[in-house]
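These notes are about the structure you will find just below.
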Amino acid sequence: MAGFDDPAFYGDRWAAVYDDHHRHMDPGPAAEFLAGLAGDGRVLELAIGTGRVALPLVARGITVEGIDASAAMAERLRAKPGGESIPVTIGDMARMPVSGRFRLVYLVFNTLFGLLSQARQAECFGNVARVLEPGGMFVIECFVPDLTRFDHDQRVQARSMTEDSAIIEVSRHDKVQQRVTTQMIMLDGQGMHLRPVAIRYSWPAELDLMAERAGLQLIERHAGWDRRPFTSASDSHVSVYQRA
């Protein structure tokens with residue numbers, strides 16, 4: 001069986017429930033922010049998934065292309081109204097299997113951390129820089145690590161519970177590799193369902209260094225899509241890097 005290091009592992013196991021699991025998340029603010037940077041240029045979403053952000057952008061008249069490692073995720077996108085019109089390349093986002101130049105490349109909802117080593121994340125930055133046009137921008141949305149969430153490098157949390165279902169999150173933390181491995185255990189009338197997730201988190205300063213080495217410069221950092229100021233108390237960031 002394929003393991004966490006397979007780029008398609010997450011998408012193949014989450015595609016069927018992804019939209020339901022994240023239905024509380026409003027893509028509107030992200031789409032509004034990104035549309036303001038896109039202009040009339042080519043736009044590329046890495047890990048486009050089910051089109052949660054791409055479809056609202058297309059509705060605003062933006063031309064979007066996508067990369068995703070999971071064909072199952074891409075099938076979910078194509079089944080949605082307007083999804084069939086979005087070109088999606090099935091492949092490894094870190095290696096950027098696309099041609100031509102883009103005005104904007106974006107990667108949202110912590111998905112950069114799905115690349116499970118510093119080398120893989122740095123490879124992604126380098127290949128984004130390669131496909132950006134001069135002055136083009138790379139936008140990422142990531143959480144700021146909070147290691148106090150773990151007790152002895154582990155965590156168990158009841159995520160939700162109803163009269164006939166429960167979701168329990170079980171995580172282990174490897175502080176040396178900056179890696180968190182999680183199993184989402186879903187219990188309902190049909191039995192038990194396991195949805196695994198693995199991430200390798202990076203600190204904002206670490207991401208900035210990856211960007212700098214790739215030839216990208218940080219030009220904006222906010223605490224969210226609404227451009228709230230980023231401070232030491234912020235638990236997430238939206239960062240905009242630009243190719244010189």
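Things worth noting here:
- In the stretch 22-36, residue farthest from ALA79 (Cα to Cα) [restricted to those that are touching a residue at least 60 places away in the same chain (Cβ under 8 Å), open to solvent by less than 60 Å² (accessible area, probe 1.4 Å) and in contact with a helix residue (DSSP H, G or I) (Cβ under 9 Å, 6 or more places away or on another chain)]: LEU34
Residues checked against (1) of a type outside the set (Phe, Trp, Tyr); (2) over 25 Å from PHE143 (Cα atoms):
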{"residue": "PHE9", "(1), (2)": "no, no"}
{"residue": "TRP14", "(1), (2)": "no, no"}
{"residue": "TYR18", "(1), (2)": "no, no"}
{"residue": "ILE48", "(1), (2)": "yes, no"}
{"residue": "ARG52", "(1), (2)": "yes, no"}
{"residue": "VAL64", "(1), (2)": "yes, no"}
{"residue": "ARG76", "(1), (2)": "yes, yes"}
{"residue": "ARG101", "(1), (2)": "yes, yes"}
{"residue": "LEU112", "(1), (2)": "yes, no"}
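- Scanning the stretch 47-96 for residues that are farther than 16 Å from ALA30 by Cβ, open to solvent by less than 30 Å² (accessible area, probe 1.4 Å) and of a type in the set (Ser, Thr, Tyr) yields a total of 1.
- SER239, sole failed condition from (1) among the hydroxyl-bearing types (Ser, Thr, Tyr); (2) in a strand (DSSP E or B); (3) under 25 Å from PHE4 (Cα atoms): (3)
- When GLU169, GLU163 are checked against the criterion of being open to solvent by less than 30 Å² (accessible area, probe 1.4 Å), charged (D, E, K, R) and farther than 30 Å from ARG130 by Cα, a single residue qualifies: GLU169.
- Against the conditions (1) more than 30 Å from ALA31 (Cα to Cα); (2) exposed (fewer than 14 other Cβ atoms within 10 Å of the Cβ); (3) at pLDDT below 95, ALA158 satisfies every one except (3).
- The single condition among (1) open to solvent by less than 40 Å² (accessible area, probe 1.4 Å); (2) aromatic (Phe, Trp, Tyr); (3) within 19 Å of the chain's Cα centre (by Cα) that PHE150 does not meet is (3).
- Test: residue in the stretch 160-167 that is touching a helix residue (DSSP H, G or I) at 6+ places or on another chain (Cβ under 8 Å), assigned to a strand (DSSP E or B) and over 22 Å from VAL108 (Cα atoms): no
- Of the strands (runs of 3 or more DSSP E) contained entirely in the stretch 69-159, those carrying at least 3 residues that are among the aliphatic types (A, V, I, L, M), touching a strand residue (DSSP E or B) at 6+ places or on another chain (Cβ under 8 Å) and over 20 Å from ALA198 (Cβ atoms) fall at 132-143.
- Residue check for THR50: more than 20 Å from SER239 (Cβ to Cβ), free of Cβ contacts under 8 Å to residues at least 24 places away in the same chain and of a type outside the set (Asp, Glu): no
- Every residue from the stretch 187-244 that is among the hydrophobic types (A, V, I, L, M, F, W, C), within 17 Å of ASN127 (Cβ to Cβ) and either open to solvent by 70 Å² or more (accessible area, probe 1.4 Å) or in contact with a helix residue (DSSP H, G or I) (Cβ under 7 Å, 6 or more places away or on another chain) (or both): LEU209, MET210, ALA211, ALA214, LEU216, ALA244
- For the stretch 139-147, the condition holds for at least one residue, the condition being that it is aromatic (Phe, Trp, Tyr), open to solvent by 50 Å² or more (accessible area, probe 1.4 Å) and touching a residue at least 40 places away in the same chain (Cβ under 8 Å).
- Test: ALA94 is at pLDDT 95 or above and more than 18 Å from the chain's Cα centre (by Cα): no
The values are calculated or read from the model by the stated rules, or taken from the named source; none is laboratory data. Because the structure is predicted, anything quoted here is derived from the model rather than measured. No Cβ is skipped: glycine too gets one built from the backbone with ideal geometry, and neighbour counts run over all protein chains shown. Just the protein is used for accessible areas: all its heavy atoms, side chains included, with ligands, DNA and RNA removed. Shrake-Rupley method; radii C 1.70, N 1.55, O 1.52, S 1.80 Å.
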